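Asks: Here it is: the structure, laid out below.
Read-outs throughout are calculated quantities, based only on the coordinates presented, and are distinct from any laboratory measurement. Not measured: the values here are computed from a predicted model. Every residue, glycine among them, receives a Cβ derived from its backbone with ideal geometry; neighbour counts consider all protein chains shown.
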Amino acid sequence: MTYCVGLLLNEGMVCLSDTRTNAGLDNISTYRKMFFFEDPGERVITIMTAGSLSISQTTIARLREAIDDPDASVDTSIMLAPTMLKVALIIGNALAAVRSEIDEKLSAMNQGASASMIVAAQRKGGAMRLFLIYPEGNFIEATEDTPFLQIGEHKYGKPILDRVVKPSTSLADAEKAVLLSMDSTLRSNLSVGMPLDLCVIEKDACKVSRKRRIEAGDPSFRAMSEAWSGALRDGFTQIKL
């Protein structure tokens, strides 16, 4: 399992993913789940993945092949697509096609597999867009009413986002919110694990403004986690029935 979260704010977008992949208690590995496609100043696309590793890796590989194809077109390459909606359609179609192919191979063993993705993107002159793409290839988009999207093991990290994240939230507070959301998930689910990948995309920069890999034992993350735990305990003791 995994946990990925993306925020769409007035100042930009913030994305965070873990890196744990497991196929049973005795088969736990680390794989990157955040991928970047950039033409700095022109367009930026960040993709986060959850679910079957074979589906997500194959889909990302095909998207890269389509970009490098000499015959790439606006209908096949996410780096040439004229709108971010078209980008989401291309990614959705690729994901659905890979899922269908792998499902067909697994059906003989009465098994199935699926994956989902979050896409944070902007092109020069266009608006920032944040999409959640389902295994079937269809998708939804973040809005002012719901300025964040999650995939994977999302239930533990959702309450803090519901309470504190608004379109007007600053990028600094947004980083804090997604990290505390991840901290809650790490504490409650062993299928989500370090290290973490964080990226910030400032509005109209059309590039990844900042990347950060947070390793297990990172002192700043540990201090934030301990401070949050202390604040919750203090708040709990102060509440009177």
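Asks: Return D234, D204 ranked ascending by Cβ neighbour count within 10 Å, so the fewest neighbours appear first.
Replies: On the way: D234 9, D204 13.
In increasing order of surrounding Cβ atoms, one gets D234, D204.
Asks: Another question, if that's okay. Return the single residue from A142, A127, A177 with maximal mean-square fluctuation; model: Gaussian network over the chain, springs between Cα atoms under 10 Å.
Replies: The residue with the greatest mean-square fluctuation here is A127.
Asks: Another question about this same structure. Between E226 and D71, how many nm apart are label points set 7 Å from Cα along the C-beta direction?
Replies: 6.0 nm
Asks: Run through every distinct alpha carbon pair of region 30-126 and return the Kirkwood hydrodynamic radius in angstroms, one decimal place. Let's see the in-between values first.
Replies: Values: mean 1/r = 0.0713 Å⁻¹.
Taking every pair of different Cα atoms in region 30-126, averaging 1/r and inverting gives 14.0 Å.
Asks: Quick one: I102, I201, fewest Cβ neighbours within 10 Å first, how do they rank?
Replies: I102, I201
Asks: Would you work out the relative contact order for the chain, in percent, from Cα pairs under 8 angstrom that are 6 or more residues apart?
Replies: Values: 482 pairs, mean separation 67.1, N = 241.
Relative contact order here is 28 percent.
Asks: Based on alpha-carbon centroids, what's the gap between region 87-150 and region 204-222 in Å, whole number please?
Replies: 24 Å
Asks: Which of rounded, prolate or oblate describes region 80-131 when judged by the alpha-carbon gyration tensor and an a/c cut-off of 1.5? The partial results should precede the final answer.
Replies: Working: a/c = 6.63, a/b = 3.08, b/c = 2.16.
Note, shape of region 80-131 comes out prolate.
Asks: State the answer as a single residue: which of V14, A127, G41 lies farthest towards the positive end of the charge dipole of region 3-216, with beta carbon charges of +1 for Lys and Arg and -1 for Asp and Glu, about the Cα centre.
Replies: In region 3-216, that residue is V14.
Asks: With contacts defined as alpha carbon pairs under 8 Å and 6 or more residues apart, what's the relative contact order of region 117-179 in percent? Numbers along the way, then the final one.
Replies: Details: 59 pairs, mean separation 13.9, N = 63.
That works out to 22 percent.
Asks: Can I ask one more? For E153, which sequence-distant residues (separation of 5 or more, or a different chain) have an amide H within less than 5 Å of its own amide H, given hydrogens modelled in the peptide plane?
Replies: Distant-sequence amide H within range of E153: T2, Y3, C4.
Asks: Determine which lysines satisfy two conditions relative to K203: a Cα distance under 17 Å, and not lying fewer than 8 residues away in the same chain.
Replies: K124, K166, K211
Asks: Also: Starting from the Cα gyration tensor of region 105-241, take the square roots of the eigenvalues, sort them a ≥ b ≥ c, and report rounded, prolate or oblate (rounded when a/c is under 1.5, otherwise prolate if a/b is larger than b/c, else oblate). Kindly include the intermediate steps, with their values, before the conclusion.
Replies: Details: a/c = 1.70, a/b = 1.23, b/c = 1.39.
Here region 105-241 falls in the oblate category.
Asks: OK, next. Just checking my list [x] 35, 23, 17; [y] 30, 23, 15; [z] 26, 21, 17 against semi-axes √(5λ) of the Cα gyration tensor in Å computed from this structure; which label fits?
Replies: The value matching this structure is [y].
Asks: What does the C-alpha gyration tensor say about the overall shape of region 142-182? Classify as rounded when a/c is under 1.5, otherwise prolate if a/b is larger than b/c, or oblate.
Replies: Values: a/c = 1.93, a/b = 1.23, b/c = 1.57.
It is oblate, given that a/c is not under 1.5 and a/b is not larger than b/c.
Asks: Still on this structure: If the only charges are +1 at each Lys and Arg Cβ and -1 at each Asp and Glu Cβ, what is the size of the charge dipole of the chain around the Cα centre, to the nearest 20 debye? Kindly include the intermediate steps, with their values, before the conclusion.
Replies: On the way: 27 positive and 30 negative charges, 119 e Å.
Dipole magnitude for the chain comes out near 560 debye.
Asks: Would you please name the GluC sites (Glu not before Pro) within region 21-93 that are DSSP coil residues with at most 16 other C-beta atoms within 10 Å of their C-beta? It would help to have the intermediate numbers written out before the result.
Replies: On the way: sites: E38, E42, E65; in loops: E42.
Passing sites in region 21-93 are E42.
Asks: By how many degrees, 0 to 90 and rounded to 10, does the Cα axis of helix 53-68 deviate from the longest principal axis of the chain?
Replies: Taking the Cα atoms of the chain, the angle to 53-68 is about 50 degrees.
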